[in-house]
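The values are calculated or read from the model by the stated rules, or taken from the named source; none is laboratory data. Just so we're clear, the structure is a prediction, and the values are computed from it rather than from any experiment. Don't worry about glycine lacking a Cβ; one is built from the backbone with ideal geometry, like all the others, and counts go over all protein chains shown. Side chains are part of the model used for accessible areas, which takes the heavy atoms of the whole protein and leaves out ligands, DNA and RNA. Shrake-Rupley method; radii C 1.70, N 1.55, O 1.52, S 1.80 Å.
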Amino acid sequence: MTATHIADANAHVHSNSHEHDAGHHGPMKGWRRWAYATNHKDIGTMYLIFSLVMFLTGGLMAMLIRAELLRPGIQLLDPAKFNSMTTMHALIMVFGAVMPAFTGLANWMIPMQVGAPDMALPRMNNFSFWLLPFAFTLLLLTLVVPGGSPAGGWTLYPPLVLQTGDSFPMAVFAIHLMGASSIMGAINVIVTIMNMRAPGMSLLKMPLFVWTWLITAYLLIAVMPVLAGAVTMLLTDHYFGTTFFNAAGGGDPVMFQHIFWFFGHPEVYIMILPAFGVVSEVIPTFSRKPLFGYDAMVYATASIAFLSFIVWAHHMFTTGMPLIGEMFFMMSTMLIAIPTGVKVFNWTATMWKGSISFEPPMLFALSFVFLFTIGGFSGLMLAMAPADFQYHDTYFVVAHFHYVLVPGAIFGIMAAVYYWLPKWCGHMYNMTLAKTHFWLSTIFVNVLFFPQHFLGLAGMPRRIPDYNTQFADWNFVSSIGGFCFGATQLLFVYLIWSTVRSGPKATDKVWDSAAPIGLEWTLPSPAPYHSFEEAPEIK
Amino acid sequence: MSKNLKALACIASILLASPAFAAWQLNMRPGITELSKQAYGLHMEILWICVAIGVVVFGAMIYSLIKFRHSKGAIADTTLLHSTKVEVIWTTIPIIILVFMAYPAARGLIKDEDMSGADMTIKVTGYQWKWEYDYLDQKVDFFSTLARDSNAARIKGSGIDPYSVPNYLLEVDHPLVVPVHKKVRMLLTAGDVIHAWWVPALGMKRDAIPGFINELWFRADEEGTYRGQCAELCGRDHGFMPIVVVVKSEADYAAWLNAQHAPPAEAAPNAPAAASAAAPATT
Ligand SMILES: [Cu+2]
Ligand SMILES: [Cu+2]
């Protein structure tokens with residue numbers, strides 16, 4: 001009935017892997033291994049490293065932003081540069097750090113969790129990864145193009161975005177490439193899950209991480225083309241004389257916002273559902289108890305995904321929609337609290353009467369549940385249209401979405417890395433270092449983002465490089481938190497680097513005292529090059 | 001020790017009390033209009049609901065983390081897989097809470113959108129990076145831009161300390177002047193890109209969109225000077241197009257209006273120049 005049965009899966013499937021014919025023995029040598037990679041683990045590794053590099057790049061931009069906002073007055077970045085930093089920071093973090101990290105995790109874990117040898121479409125997998133370095137090279141090159149990089153915000157609202165200089169088509173093509181990459185990644189996930197599950201693994205026996213990714217993949221296929229369409233319309237408005245978003249030609253700038261947020265709201269679930277999946281794996285393990293309400297978790301994920309398509313205009317209450325439209329989007333947004341609540345309650349119930357220990361993945365998962373819930377609360381507040389007229393486009397919004405994205409999505413990714421890294425590389429990491437990374441991250445992420453709620457409520461608009469002195473105190477606190485949070489992440493990079501190189505050997509189950517459930521723990525550590533050459537049996 | 005406590009109490013009183021103390025401000029302010037008070041009321045209601053839910057949920061989680069620790073020898077009850085009863089309860093209770101939140105929110109929204117019975121109408125146009133106010137039927141029309149001292153201080157490397165500039169970045173050359181207790185309807189549009197007109201104390205924010213006309217309304221209950229900023233990213237100087245609204249008594253407003261009309265030669269197209277001469281000291 002539930003995922004627990006997977007624990008009984010045959011643990012000896014890997015033993016005869018060398019009886020297969022040549023070409024299955026291992027990776028190619030040198031650069032070819034990566035350039036021609038078709039192995040899900042190699043591609044997963046490249047995705048994860050790419051994501052880490054982008055996380056540091058986007059993080060550096062965040063540091064510059066916080067340095068400028070440390071004190072009132074303009075010290076570092078003139079306003080145009082500041083706007084380009086906020087824009088690039090968002091694009092890089094959303095499309096370069098969070099999304100590729102989850103695709104990397106999907107690549108590594110889905111075949112191992114469903115009992116497959118590899119992803120279903122390995123060459124497309126290669127292509128979808130290798131588009132990314134080109135996409136982000138193109139995007140980052142905009143920093144040195146005359147006229148500067150895009151500075152109209154990651155939401156790319158016209159007419160402002162049409163004032164971008166020569167970097168505009170570069171950014172549009174970069175987004176096209178990212179979208180194509182995401183869609184191919186999503187197709188691969190769906191085909192793998194639908195066709196390559198081990199016999200006996202019915203849909204409702206799949207691990208939650210696989211479930212959340214399956215739903216995420218459908219969201220990606222549904223909305224990435226919408227984003228591609230929107231930016232293409234911007235491109236033709238800019239260069240080919242169309243007037244989709246220009247009132248003078250019968251168009252409407254607000255129509256862009258509708259199209260963008262039809263992509264944008266599902267996008268926020270694309271960035272959080274896989275994290276839900278990770279947390280739903282980690283909490284049961286370290287509570288030594290199966291996930292409470294497995295079916296409810298699956299249905300809640302599906303409901304959130306469905307609702308995400310009918311709430312988009314909650315980002316647009318101030319655009320002057322008709323009253324009936326405002327009512328609809330306010331109410332539909334409030335509904336999301338119900339399935340989200342179910343998830344949080346289920347995680348809590350999973351811990352209830354468990355036997356809880358606090359290894360680094362569990363610490364990050366717990367921090368995720370607490371802090372994501374805070375982001376959920378502020379989300380509920382933002383849904384109230386009459387109050388949103390005050391919150392909209394202030395630092396309250398900045399605090400809200402950073403709570404769901406940093407201690408939300410990114411802590412989810414970190415929980416996953418700490419959970420599965422020993423399985424990937426075969427080495428155990430330094431627990432003290434990992435726990436130090438956890439505590440510093442959790443403390444400073446709150447010092448960084450909690451005061452931004454106060455700034456927003458006090459009336460500080462977002463996306464401004466300079467502010468009145470009444471906002472100085474909390475901005476100072478927030479910036480200090482930001483620098484410390486940023487520096488803490490170097491610890492994470494060092495920890496990964498040193499663990500991959502060396503460390504005590506990890507056991508096959510890695511978390512022996514917690515006896516984790518799931519097919520990935522039936523494989524040796526490090527996992528063999530081809531995960532399951534013979535399908536394991538699921539009872 | 002008691003010295004420390006005293007210091008702590010002092011800090012706490014600064015943090016929590018007197019809205020006059022701008023620094024370290026924690027919360028939204030009620031503002032001076034029906035709509036702003038309504039937004040504040042809704043904000044506080046939802047905030048307390050969230051706090052209550054947080055106490056229950058976080059309480060249960062923290063209790064579990066303390067009570068059911070592996071290190072304390074807790075044995076997991078692996079039979080606890082699901083419970084239809086509990087699941088129905090924790091789906092139903094949020095629905096009921098949401099209904100209690102939705103009702104005042106919907107009523108508030110209807111009030112927000114009720115533009116009827118306005119006493120006067122002002123058209124505001126956003127430009128990169130200034131505002132234009134057009135008092136319809138009054139033949140008063142002027143631009144409102146960032147005050148000079150702020151504008152000088154905000155340049156990179158200006159060497160001017162922002163703390164030495166009064167109302168740094170929140171002062172304009174010509175503020176919007178409106179009468180107290182009158183329902184003012186604002187029509188919003190823009191000349192180039194999208195801007196948003198927002199004065200927190202008035203409780204309403206609305207986008208000014210090129211080629212379209214939006215509207216909002218407010219009725220100020222108290223005289224005074226209220227400050228806000230453009231709230232939609234509009235390019236390089238988005239952070240430097242503040243909004244200042246001066247609410248005057250009806251008599252003072254009438255006098256101000258007369259002064260705007262006073263030098264007839266300069267009245268119409270050169271209104272900004274006229275206004276700067278006539279009303280420099282509006283605060
Ligand atoms: Cu949304
Ligand atoms: Cu503006």
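Given the criterion within 14 Å of another protein chain (Cβ to nearest Cβ) and open to solvent by 30 Å² or more (accessible area, probe 1.4 Å), identify the matching residue among A:ARG33, A:ARG71. Break it down stepwise before answering.
Values: A:ARG33 fails: within 14 Å of another protein chain (Cβ to nearest Cβ).
Only one candidate passes the filter, namely A:ARG71.
State whether the residues of the stretch A:61-82 include one that is in a helix (DSSP H, G or I) and within 15 Å of the chain's Cα centre (by Cα). Break it down into steps so the answer makes sense when it comes.
Step one: of the stretch A:61-82, the residues in a helix (DSSP H, G or I) are A:61-68, A:79-82.
Okay, now just the ones that are also within 15 Å of the chain's Cα centre (by Cα), so none.
No, because not a single residue in the stretch A:61-82 is in a helix (DSSP H, G or I) and within 15 Å of the chain's Cα centre (by Cα).
So for the stretch A:475-491 (the condition being among the hydrophobic types (A, V, I, L, M, F, W, C) and open to solvent by less than 10 Å² (accessible area, probe 1.4 Å)), does at least one residue qualify?
Within the stretch A:475-491, the subset among the hydrophobic types (A, V, I, L, M, F, W, C) is A:476-477, A:480, A:483-485, A:487, A:490-491.
Imposing the further condition that a residue be open to solvent by less than 10 Å² (accessible area, probe 1.4 Å) reduces the set to none.
Within the stretch A:475-491, none of the residues are among the hydrophobic types (A, V, I, L, M, F, W, C) and open to solvent by less than 10 Å² (accessible area, probe 1.4 Å).
Between a first residue in the stretch B:230-243 that is more than 7 Å from chain A (Cβ to nearest Cβ) and a second residue that is basic (Lys, Arg), which pairs have beta carbons less than 9 Å apart while being 6 or more apart in sequence or on different chains?
B:PHE240/B:ARG154; B:MET241/B:LYS130; B:PRO242/B:ARG227; B:ILE243/B:ARG227
List the number of the failed condition for A:MET428; all other conditions in (1) out of contact with any strand residue (DSSP E or B) (no Cβ under 8 Å at 6 or more places or on another chain); (2) aliphatic (A, V, I, L, M); (3) surrounded by fewer than 24 Cβ atoms within 10 Å (Cβ to Cβ) hold.
All conditions are met except number (1).
It is to be established whether one or more residues within the stretch A:306-320 are touching a residue at least 12 places away in the same chain (Cβ under 8 Å), over 24 Å from the mean Cα position of the chain (by Cα), over 30 Å from B:ALA76 (Cα atoms) and more than 10 Å from chain B (Cβ to nearest Cβ).
Checking the stretch A:306-320: not a single residue is touching a residue at least 12 places away in the same chain (Cβ under 8 Å), over 24 Å from the mean Cα position of the chain (by Cα), over 30 Å from B:ALA76 (Cα atoms) and more than 10 Å from chain B (Cβ to nearest Cβ).
Of everything in the stretch B:83-100 that's within 21 Å of A:LEU382 (Cα to Cα) and at the interface with chain A (Cβ under 7 Å from one of its Cβ atoms), which residue is most open to solvent (accessible area, probe 1.4 Å)? I'd like the intermediate steps shown before the answer.
Pass one, the stretch B:83-100, residues within 21 Å of A:LEU382 (Cα to Cα): B:93-100.
Those left that are additionally at the interface with chain A (Cβ under 7 Å from one of its Cβ atoms): B:94-95, B:98.
Numbers: B:PRO94: 23, B:ILE95: 79, B:LEU98: 17 Å².
This residue is B:ILE95.
Which condition number in (1) of a type in the set (Ser, Thr, Tyr); (2) touching a strand residue (DSSP E or B) at 6+ places or on another chain (Cβ under 9 Å); (3) within 21 Å of A:ILE310 (Cα to Cα) is the one that A:THR394 fails?
With respect to (1) of a type in the set (Ser, Thr, Tyr); (2) touching a strand residue (DSSP E or B) at 6+ places or on another chain (Cβ under 9 Å); (3) within 21 Å of A:ILE310 (Cα to Cα), A:THR394 is out only on (3).
Which residues, counting only those in the stretch B:193-218, are within 12 Å of ligand 2 (Cβ to nearest atom) and more than 7 Å from every other protein chain (Cβ to nearest Cβ)?
B:HIS195, B:TRP197, B:TRP198, B:ALA208
Determine which member of the set A:SER280, A:SER287 is crowded, with 24+ Cβ neighbours inside 10 Å, within 13 Å of chain B (Cβ to nearest Cβ) and small (Gly, Ala, Ser). Please lay out each step first, then the result.
Values: A:SER280 fails: within 13 Å of chain B (Cβ to nearest Cβ).
After applying the criteria, what remains is A:SER287.
Which of (1) within 14 Å of chain B (Cβ to nearest Cβ); (2) surrounded by fewer than 19 Cβ atoms within 10 Å (Cβ to Cβ); (3) assigned to a helix (DSSP H, G or I) does A:MET124 not meet, given it meets every other one?
If we test A:MET124 against (1) within 14 Å of chain B (Cβ to nearest Cβ); (2) surrounded by fewer than 19 Cβ atoms within 10 Å (Cβ to Cβ); (3) assigned to a helix (DSSP H, G or I), just (1) comes out false.
State whether the residues of the stretch A:236-245 include one that is under 24 Å from A:GLN163 (Cβ atoms), within 14 Å of chain B (Cβ to nearest Cβ), more than 16 Å from ligand 1 (Cβ to nearest atom) and open to solvent by less than 10 Å² (accessible area, probe 1.4 Å).
Among the residues of the stretch A:236-245, at least one is under 24 Å from A:GLN163 (Cβ atoms), within 14 Å of chain B (Cβ to nearest Cβ), more than 16 Å from ligand 1 (Cβ to nearest atom) and open to solvent by less than 10 Å² (accessible area, probe 1.4 Å), which makes the answer yes.
Just to be sure, is A:LEU208 among the hydrophobic types (A, V, I, L, M, F, W, C) and under 19 Å from the mean Cα position of the chain (by Cα)?
yes
So if I check each of A:ILE175, A:ILE215, A:ILE187, A:ILE193, which one is surrounded by fewer than 19 Cβ atoms within 10 Å (Cβ to Cβ) and either out of contact with any helix residue (DSSP H, G or I) (no Cβ under 9 Å at 6 or more places or on another chain) or of a type in the set (Val, Ile, Thr) (or both)?
Details: A:ILE175 fails: surrounded by fewer than 19 Cβ atoms within 10 Å (Cβ to Cβ); A:ILE215 fails: surrounded by fewer than 19 Cβ atoms within 10 Å (Cβ to Cβ); A:ILE193 fails: surrounded by fewer than 19 Cβ atoms within 10 Å (Cβ to Cβ).
Matching residue, one of A:ILE175, A:ILE215, A:ILE187, A:ILE193: A:ILE187.
Looking at A:VAL397, A:VAL445, which is the one that is within 11 Å of chain B (Cβ to nearest Cβ) and either of a type in the set (Lys, Arg) or surrounded by fewer than 24 Cβ atoms within 10 Å (Cβ to Cβ) (or both)?
Details: A:VAL445 fails: within 11 Å of chain B (Cβ to nearest Cβ).
Checking each option against the conditions leaves just A:VAL397.
Based on this model, can you work out whether B:TYR163 counts as aromatic (Phe, Trp, Tyr), more than 24 Å from B:VAL246 (Cα to Cα), free of Cβ contacts under 8 Å to residues at least 12 places away in the same chain and surrounded by fewer than 18 Cβ atoms within 10 Å (Cβ to Cβ)?
No: the conditions fail for B:TYR163.
Take the residues in the stretch A:330-378 that are over 30 Å from A:ASN430 (Cβ atoms) and of a type in the set (D, E, K, R), then tell me which one is nearest to ligand 1 (Cβ to nearest atom).
My answer is A:LYS343.
In the list A:THR38, A:THR45, which residue meets the criterion of being at pLDDT 60 or above, farther than 30 Å from A:ALA514 by Cβ and surrounded by 15 or more Cβ atoms within 10 Å (Cβ to Cβ)? Give the derivation first.
On the way: A:THR45 fails: farther than 30 Å from A:ALA514 by Cβ.
So the residue among A:THR38, A:THR45 that is at pLDDT 60 or above, farther than 30 Å from A:ALA514 by Cβ and surrounded by 15 or more Cβ atoms within 10 Å (Cβ to Cβ) is A:THR38.
Give the residue, chosen from A:PHE317, A:PHE345, that is under 30 Å from A:SER513 (Cβ atoms) and either open to solvent by less than 10 Å² (accessible area, probe 1.4 Å) or among the aromatic types (Phe, Trp, Tyr) (or both).
Details: A:PHE317 fails: under 30 Å from A:SER513 (Cβ atoms).
When all the criteria are applied, what remains is A:PHE345.
Quick check: is even one residue across the stretch A:255-264 away from ligand 1 (no atom under 16 Å from the Cβ) and open to solvent by 10 Å² or more (accessible area, probe 1.4 Å)?
Yes - at least one qualifying residue is present in the stretch A:255-264.
On the basis of being away from chain B (no Cβ under 14 Å) and open to solvent by 10 Å² or more (accessible area, probe 1.4 Å), does A:LEU203 make the cut?
yes
Applying the selection to the stretch B:63-82, what residues are surrounded by 14 or more Cβ atoms within 10 Å (Cβ to Cβ) and more than 7 Å from chain A (Cβ to nearest Cβ)?
Within the stretch B:63-82, B:LYS67 is the sole residue that qualifies.
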